[in-house]
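The values are calculated or read from the model by the stated rules, or taken from the named source; none is laboratory data. These numbers come from a predicted model, not from an experiment. Ideal geometry is used to build each Cβ from the backbone, glycine not excepted, and the neighbour counts take in all protein chains shown. Each accessible area value is taken on the protein alone, full model and side chains, heavy atoms only, with ligands, DNA and RNA left out. Shrake-Rupley method; radii C 1.70, N 1.55, O 1.52, S 1.80 Å.
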Amino acid sequence: MDELNDQIAMITDPDGRSAVMAEMAVSAHRRQDVDAGALAEMLELAEAARLWAHAEREAE
């Protein structure tokens with residue numbers, strides 16, 4: 001959640017930060033810390049954050 005809440009980093013590098021969040025989610029799933037449903041939600045959040053950050057950058 002800290003990665004998701006770091007709005008400055010997300011706006012600075014939307015694609016890079018969302019890639020980091022996606023990799024963290026996949027790693028958590030591989031460690032069996034989260035199930036497939038949670039993984040899907042985490043990946044959706046990473047994509048939503050990426051889209052939000054791009055919109056914020058365009059609004060500036």
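For region 7-40, name all the residues that are charged (D, E, K, R) and either within 10 Å of the chain's Cα centre (by Cα) or farther than 19 Å from Arg57 by Cβ (or both).
Asp15, Arg17, Glu23, Arg30, Arg31, Asp33, Asp35
For residues that are open to solvent by 70 Å² or more (accessible area, probe 1.4 Å) and closer than 17 Å to Asp2 by Cβ, tally how many sit in region 14-30.
Of the residues in that region, 2 qualify.
Here is a list: Asp2, Asp33. Which entry is at pLDDT 95 or above and open to solvent by 60 Å² or more (accessible area, probe 1.4 Å)?
Asp33 is the lone residue from the list that is at pLDDT 95 or above and open to solvent by 60 Å² or more (accessible area, probe 1.4 Å).
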